[in-house]
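A.B. asks: What follows is a single structure, and I will ask about it in a moment.
All of the numbers you see were taken from the coordinates with simple rules; none came from a lab. Only a predicted model underlies this, so the values are computations on that prediction, with no experimental measurement involved. Cβ placement follows ideal geometry from the backbone for every residue including glycine, while neighbour counts extend to all protein chains displayed.
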4 protein chains.
Amino acid sequence: MRNYLIEFLGTLFLVLIIGLSNNPVAIGFGLTVLVYMGAHISGAHYNPVVTIAFLIKKEINLYDAFFYILFQILGSTFSALILFFLKGDVMEIMPNLSSSVFQILASEFLFTFLLVFVILNVAIHPNLKGNSFYGFAIGLTVMAGAFSVGPISGAAFNPAVSIGPTLSHFIIGEGISKYYLWYYLVGPIAGSLLATLSFIYLVKR
Amino acid sequence: MRNYLIEFLGTLFLVLIIGLSNNPVAIGFGLTVLVYMGAHISGAHYNPVVTIAFLIKKEINLYDAFFYILFQILGSTFSALILFFLKGDVMEIMPNLSSSVFQILASEFLFTFLLVFVILNVAIHPNLKGNSFYGFAIGLTVMAGAFSVGPISGAAFNPAVSIGPTLSHFIIGEGISKYYLWYYLVGPIAGSLLATLSFIYLVKR
Amino acid sequence: MRNYLIEFLGTLFLVLIIGLSNNPVAIGFGLTVLVYMGAHISGAHYNPVVTIAFLIKKEINLYDAFFYILFQILGSTFSALILFFLKGDVMEIMPNLSSSVFQILASEFLFTFLLVFVILNVAIHPNLKGNSFYGFAIGLTVMAGAFSVGPISGAAFNPAVSIGPTLSHFIIGEGISKYYLWYYLVGPIAGSLLATLSFIYLVKR
Amino acid sequence: MRNYLIEFLGTLFLVLIIGLSNNPVAIGFGLTVLVYMGAHISGAHYNPVVTIAFLIKKEINLYDAFFYILFQILGSTFSALILFFLKGDVMEIMPNLSSSVFQILASEFLFTFLLVFVILNVAIHPNLKGNSFYGFAIGLTVMAGAFSVGPISGAAFNPAVSIGPTLSHFIIGEGISKYYLWYYLVGPIAGSLLATLSFIYLVKR
């Protein structure tokens, strides 16, 4: 339960910082801090596709993975409700409307691939055992990604970041362009799967 | 006495950087440096609600806690006087006047909760014993918080940061909207208490 | 082969972040992350003149050095094609047209000298064995260099960063001012050679 | 001789980054890198008032201290000549002309005090022996100081940063407001002396 609550808290604050600041520097360093806060307890996934990668790598079992993802989505949804209270308008992760579907999907795919590949290396590769830079490596990947493809895809790299605000809109009862959600499912899931396979077959024999 | 002087110095420079730069990057990295400067001597609280959290966790006794908070407030007050000398106008931490009382309090509550929860983890959780990232974890939490809720509450997360400038105005004799002060007492104290309880009951059994 | 693929991936994402963000903060922290991702596998060169420096220092053999450089150029070229797909226009590293040839070459020379000198120290000097800051030292050198001489030379410090986009233009069939390329060969190669000699004769006896 | 050349190189690049970028982020992270590059060889002073502090603490002898300062000034002067070549105009560290003499001196005094106090702690305090954050602590102090008092004093905190450009103007033959120089001697020297005394009598018994 303790781990699930850390996943809830970490995802809550990640989405809060994204929604309030909309600033890659704040998001990247904020995620760095959240990783240092929670990695020693829950592993600090805060992202369903990270949990899926760890599930494939057998670093987490199916039961825990289910509850990790559930609490990530609960954290993100609760965060979106807090954001509505703090700012008075609804949060929505959305792409640049002048970018094509393929450009948006490729952006999410590429930087989620990098994010999960970096996480697997700094979190479980034996060469980096005991390293102290894991929080920065993870947070700064998201920072670089947000600077790079933020203007194309909105830079979620994380289904929970999109699912939470979408669910919150159902609760609040305001309209939201729900059809953006699938970008942040398909792109990140594909990126995470390729990263995990690359890690298994290329990096760590 | 040595510890008290470090608390005085650290809070003095923290308030100086806040008042002079008004920039989350400078404040976050400045606090990082001040933590690395003083944590090995006094623990580098520089914040009454951090001292209260350590008091509850019995990491500091009541006598020392009293003098820590006293020297933090003295440092902040002296800093506000230096600021008046350097810039010629009075410093005031104030919220966005178009935000509601509840939005302001919630902002201070949320990020002080995060700040104290992060500090307790990086400073005293046995899993992170001997870590070298504690200064960054603390400074970057304030950076992310300042980017996130600075436009709502002014982003103090620290009663001393508000008390010092308020006291300095009594000394200087200029008017100040004293009624903002309570935001930076109620929000941070509540956030710190919940973080300490969460740490005790959820994280560390 | 594993090492070559890491060089491919690292250079690909480095060029992607440069081309998409055009922002020294994103580039510096992005390179930091890529170094932490790959240094424990391939050494994380991502730059032909770094590979040349390690070849001179006999940290890599000629056979591997050849394939490192080949895969760096392949990664950069593939990255430039992805950039064309994502943004719809061709990427080109180019200098400030009002700067003189000597100013451009000196800019690339100076900061590639610093980059390679820093890399040799943090990667192979015995005094810094086991340090955890190598990724930051390398990434932040490029960040400081990009802030400093970006407005003069375009701040490549890396032949692959220029070769890849140039090759991609042949593939795409669009015109590019190919004659800029030699700046990013001559300046960085000269800087790297002087840094390697300085390291051998001055620093490490 | 090796140590002197590292002091020459480090001060050269520090002044180059200051003069070219005029950006606290580039300066702070650039200094971080230069410290990680040279601290394991020469101690990475790059600043006469740091050398004076280490001389008082008997970490360096008088003979070496003289040559450290000489090579710092040579590095800074050579850097200012490179800057003249790269940009075509003369570099000058100068204060805000609407600030008073006392405001300028106090600004340089305060942040040089902090800089030297931080350096003494991270470099020689036994509690922090073997720490890996020394480069960040030093670089980020200058970053926070440049953000804070850059608009008042110009933020040198280092006599070499002012002496070098002044000497370079004699060589180039262009006019420069030489009378600013004394600010960057008096403020930093006083700040360094107080920091050293504070360290000796307050921190380390």
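A.B. asks: Lys/Arg Cβ at +1, Asp/Glu Cβ at -1, dipole of the stretch C:2-203 taken about the Cα centre: which of C:Gly43, C:Ser21, C:Val142 is farthest positive-ward?
C.D. replies: C:Gly43
A.B. asks: Another question, then. Sorting A:Leu70, C:Leu83, C:Leu74 on the 10 Å Cβ count, fewest up front, what's the list?
C.D. replies: Fewest-to-most ranking of A:Leu70, C:Leu83, C:Leu74: A:Leu70, C:Leu74, C:Leu83.
A.B. asks: On to the next question. Under the convention of a label 7 Å out along Cα→Cβ, give the distances in nm from D:Tyr63 to the same position in every other copy, shortest first.
C.D. replies: 5.1, 5.1, 7.2
A.B. asks: Over the residues of the stretch B:1-140, compute the C-alpha Rg and express it relative to 2.2 N^0.38 Å.
C.D. replies: Relative to the 2.2 N^0.38 Å estimate, the stretch B:1-140 comes out at 1.07.
A.B. asks: Hey, another quick one. Considering the dipole of the protein assembly as shown built from charges on the beta carbon (Lys and Arg +1, Asp and Glu -1) around the Cα centre, which of A:Ser98, B:Gly191, D:Val203 is farthest to its positive end?
C.D. replies: D:Val203
A.B. asks: Please report, for A:Phe85, the nm distances (one decimal) from its label point, 7 Å out from Cα along the beta-carbon direction, to the equivalent points in the remaining copies, shortest first.
C.D. replies: 4.4, 4.4, 6.2
A.B. asks: Which angle from 0 to 90°, rounded to the nearest 10, does the C-alpha axis of helix D:134-153 make with the longest principal axis of chain D?
C.D. replies: 40
A.B. asks: Kirkwood Rh, Cα Rg: Rg to Rh for the stretch B:110-205?
C.D. replies: Here the Rg-to-Rh quotient is 1.06.
A.B. asks: Please report which chain A residue places its beta carbon nearest the axis carrying chain A onto chain C, with the distance rounded to a whole angstrom.
C.D. replies: That would be A:Ser132, 4, residue then distance in Å.
A.B. asks: Give me the extension gain from C:Asn127 to C:Val186: residue separation times 0.36 nm, minus the current Cα-Cα distance, reported in nm with one decimal.
C.D. replies: Stretched out fully, the C:Asn127 to C:Val186 stretch lengthens by 18.1 nm.
A.B. asks: Select from A:Ser100, A:Ser79, A:Ser153 the residue whose mean-square fluctuation is largest in a Gaussian network model of chain A (Cα-Cα springs shorter than 10 Å).
C.D. replies: The residue that fluctuates most here is A:Ser100.
A.B. asks: Taking only Cα atoms and a 10 Å spring cutoff, compute GNM fluctuations for chain D and point out the largest among D:Glu108, D:Glu59, D:Glu92.
C.D. replies: Among D:Glu108, D:Glu59, D:Glu92, the largest mean-square fluctuation in the Gaussian network model of chain D belongs to D:Glu59.
A.B. asks: Determine, at each q value in 0.05, 0.09, 0.11 (inverse angstroms), the log₁₀ of I(q)/I(0) that the Debye formula gives when each Cα of the protein assembly as shown is one equal point scatterer.
C.D. replies: Summing over Cα pairs of the protein assembly as shown leads to -0.25, -0.86, -1.31.
A.B. asks: For helix D:183-198, what angle does its Cα long axis make with the longest principal axis of chain D, in degrees from 0 to 90 and rounded to 10?
C.D. replies: 0
A.B. asks: Continuing with the same structure: Quick check: residue separation of B:Ile171 and B:Asn22 times 0.36 nm, minus the Cα distance between them. What number comes out in nm?
C.D. replies: 51.3 nm
A.B. asks: Dipole of the stretch C:2-203, Cα-centred, from +1 at each Lys and Arg C-beta and -1 at each Asp and Glu C-beta, to the nearest 20 debye?
C.D. replies: The calculated dipole for the stretch C:2-203 is roughly 320 debye.
A.B. asks: Ok, one more. Give the distance, in whole Å, between the Cα centre of the stretch C:96-129 and the Cα centre of the stretch A:67-138.
C.D. replies: Taking the Cα centre of each part, the stretch C:96-129 and the stretch A:67-138 sit 34 Å apart.
A.B. asks: Which distances, shortest first and in nm, link D:Pro126 to the matching position in the other copies, using label points set 7 Å out along Cα to C-beta?
C.D. replies: Counterpart label points of D:Pro126 in the remaining copies fall at 2.8, 2.8, 3.9 nm.
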